[in-house]
1. Given the options A:TRP71, A:TRP20, name the one that is buried (at least 20 other Cβ atoms within 10 Å of the Cβ) and either more than 13 Å from every other protein chain (Cβ to nearest Cβ) or more than 15 Å from DNA strand D (Cβ to nearest atom) (or both).
2. Only one of these conditions is not met by B:ALA79: (1) away from DNA strand D (no atom under 16 Å from the Cβ); (2) open to solvent by less than 60 Å² (accessible area, probe 1.4 Å); (3) touching a helix residue (DSSP H, G or I) at 6+ places or on another chain (Cβ under 8 Å). Which number is it?
3. Where the second residue is among the β-branched types (Val, Ile, Thr) and within 7 Å of DNA strand C (Cβ to nearest atom) and the first is away from every other protein chain (no Cβ under 13 Å) and open to solvent by less than 20 Å² (accessible area, probe 1.4 Å) and lies in the stretch A:34-59, which pairs have Cβ atoms under 9 Å and are six or more apart or on separate chains?
4. Looking only at residues that are part of a helix (DSSP H, G or I) and within 12 Å of DNA strand D (Cβ to nearest atom) in the stretch B:86-103, which one is farthest from B:LYS133 (Cα to Cα)?
5. Only residues in the stretch A:114-138 that are open to solvent by 40 Å² or more (accessible area, probe 1.4 Å) count as the first member; pair them with residues that are in a loop (DSSP other than H, G, I, E, B) and not aliphatic (A, V, I, L, M), Cβ under 8 angstrom, at least 6 apart or cross-chain, and list the lot.
6. Report yes if A:VAL46 is within 20 Å of the chain's Cα centre (by Cα) and of a type outside the set (Gly, Ala, Ser), otherwise no.
7. Residues that are in a helix (DSSP H, G or I), away from DNA strand D (no atom under 16 Å from the Cβ) and on the phi < 0 side of the Ramachandran plot: does the stretch B:39-59 have at least one?
8. May I ask you to verify whether B:ARG10 is touching a helix residue (DSSP H, G or I) at 6+ places or on another chain (Cβ under 7 Å), under 18 Å from A:PRO114 (Cα atoms), surrounded by fewer than 22 Cβ atoms within 10 Å (Cβ to Cβ) and among the basic types (Lys, Arg)?
Protein chains: 2
Amino acid sequence: MESDVSANSRLTIAAHTLTWIGLYQRRGHEVATSEQIATSVNTNPVVIRRLLGELRKAGLADSRRGAGAGWMLARDLAAITLLDVYQAIEPGPVFALHRATPNPECVVGHGIGPAMTAVYDDVEAALRRELAKTTLEDVLRDVLKAA
Amino acid sequence: MESDVSANSRLTIAAHTLTWIGLYQRRGHEVATSEQIATSVNTNPVVIRRLLGELRKAGLADSRRGAGAGWMLARDLAAITLLDVYQAIEPGPVFALHRATPNPECVVGHGIGPAMTAVYDDVEAALRRELAKTTLEDVLRDVLKAA
DNA sequence: TTAGTCGTAACTATAGCTATTACAACCCTA
DNA sequence: TAGGGTTGTAATAGCTATAGTTACGACTAA
């Protein structure tokens, strides 16, 4: 259990999942099951299947049904950045404007939205730039180094 | 109502609040009440008081009690960056590791935590760098320009 | 003494993430 | 063609954070 339970662990789980599949495939297996991945991640197989569904929609993973079914990578680990993963699973922005529209008759209430949006756009861009620097190949290298 | 209601609007509200106080003080008033600010933000005064309580703890705002009570800035708008505000009100990191510890007997489960932590540290650093670039004076300038 | 505001507790509502159960759909293999 | 393992997905519940609201004691200038 981590210190802050509120923040998103989706990116962590997604990176874990894809890295696991990549390593498993390199060891000679064709497909990985959500059951196997869930055992490594320590969660429920359905959580993995749902997440992999989103990753498949983004063109990062693929699945096979029926007997001998399972999941595989759609691209090599080196061709997937954490930004790819982030964009596949993150729905909204990190920061939001007001829930309820602020008073438009007030100077600040009127102008604060655009002003903050400009800042938030820059912040998100910086965040994406940073995530784009790391591929899942890099992640796997770090993982194996720690072993 | 904004498009994504889930993300944090706390930074937006906090910046709005401090900017409002700053402008109000420049117009000759000594203190601003949570009631006035809440009218501009379009929320409940208690929400503003709670937030200003955190900002005061961080040394950004100050309050006076009793009759003629209210809030004032502890520093000039130019001396407050959005990073200051962010650090005063944001509790946790943007990204989290797994809720439940992943399987330590699995290579990936064992090494993924440190690997992702390294990335997340860089991302948070980039985010902070970006927020530090903008002061509330900059925000007020943008706000007045939009009017 | 009074009136206005802060400071804070308590409660409710909403939304997202995670976890879990259940089951139909699918398809390889024997 | 029957069996069995796995995907795909709906439904539900619990937890947490944010937000909104009411209520009321604490404080202090006038």
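The values are calculated or read from the model by the stated rules, or taken from the named source; none is laboratory data. Owing to the predicted nature of the structure, the values given are computational and were not obtained by experimental measurement. Cβ placement follows ideal geometry from the backbone for every residue including glycine, while neighbour counts extend to all protein chains displayed. Accessible surface areas use protein heavy atoms only, side chains included; no ligands, DNA or RNA. Shrake-Rupley method; radii C 1.70, N 1.55, O 1.52, S 1.80 Å.
1. Values: A:TRP20 fails: either more than 13 Å from every other protein chain (Cβ to nearest Cβ) or more than 15 Å from DNA strand D (Cβ to nearest atom) (or both).
Only one candidate qualifies: A:TRP71.
2. (3)
3. Pairs found: A:SER34/A:VAL46; A:SER34/A:VAL47.
4. Step one: of the stretch B:86-103, the residues part of a helix (DSSP H, G or I) are B:86-89.
With within 12 Å of DNA strand D (Cβ to nearest atom) added as a condition, the list becomes B:86, B:89.
Working: B:TYR86: 13, B:ILE89: 18 Å.
Applying the filter and picking the extreme gives B:ILE89.
5. Close Cβ pairs satisfying both conditions: A:ASP122/B:LYS133; A:GLU137/A:ASP76.
6. Details: within 20 Å of the chain's Cα centre (by Cα): yes; of a type outside the set (Gly, Ala, Ser): yes.
When the stated conditions are applied, A:VAL46 passes them.
7. Of all residues in the stretch B:39-59, those in a helix (DSSP H, G or I) come to B:39-41, B:45-57.
Narrowing the set further to residues that are away from DNA strand D (no atom under 16 Å from the Cβ) leaves none.
Scanning the stretch B:39-59 turns up no residue that is in a helix (DSSP H, G or I), away from DNA strand D (no atom under 16 Å from the Cβ) and on the phi < 0 side of the Ramachandran plot.
8. When the stated conditions are applied, B:ARG10 passes them.
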